[in-house]
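What follows is a set of notes on a single structure, which appears directly below.
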Amino acid sequence: MSSLLPLVPFYFLRHGITDHNRNRLVMGQLDIPLNMAGRRQARQAAELAASLGIVRIVSSPLTRARETAAIIASFLGLPVIVENGFKERDWGTMEGRSYRELIDLDRVPEGAESFEDFSSRAIAALPAALLPAPALLVAHSGLCRVLRHYLSISDNLHSVPNAVPIRFSPDSSGRWSECEVTLAALRQAKAKGED
């Protein structure tokens, strides 16, 4: 299935933190803005992104992602392309409620998108978003999980950090891997002579 994607590396970035993140509330498609810490995280991500050679920024239309993308775009001198397919999963009646309630729920909540419908929507938007490369996709933890699933990368439900670039790379056989981009990782790559 991932053979439909161009075999080019790209970056994913979850939006900066919001008050809903801090309070462990399900946001889904609620249009929540960044808080002060989230804006600071976006500025720090922009500094990291400056060394990644990014030529395209594609964002979810939700405010927290668009705001993060705009801060990075301003720093890089690039426009932001808004992609509706990258909206977070609609969690229906669980939006605004505790993550704990969602985790304990053993079915798709009333009014929510199924993972399959959410994945189909997001994946349909992916090929066009990746070129020219390398692109930066600014969205939500749900999209990162869809990417991991679609690219056959183990998710193991480990969390997706706010405002930390994640590089998705194909190898020559078309197998994908992911790696968080941190200041330490960039220094290590430079020391090895990599870019």
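Restricting attention to region 94-106, the residues that are without any contact (Cβ under 8 Å) to a residue 60 or more places away in the chain and under 20 Å from Leu143 (Cα atoms) total 1. Does Phe118 satisfy being farther than 21 Å from Val8 by Cα, in contact (Cβ under 8 Å) with a residue 24 or more places away in the chain and of a type in the set (A, V, I, L, M, F, W, C)? Taking the combined requirement at face value, the residue satisfies it. Of the residues making up region 110-129, those that are surrounded by 13 or more Cβ atoms within 10 Å (Cβ to Cβ), over 26 Å from Glu67 (Cβ atoms) and not hydroxyl-bearing (Ser, Thr, Tyr) are Phe115, Asp117.
Every read-out reported here was derived from the displayed coordinates using simple, explicitly stated rules and does not represent laboratory data. Every value quoted in this text rests on a predicted model; they were computed, and no experiment measured them. A quick note on method: Cβ atoms are made from the backbone with ideal geometry, for glycine too, and the neighbour counts reach across all protein chains shown.
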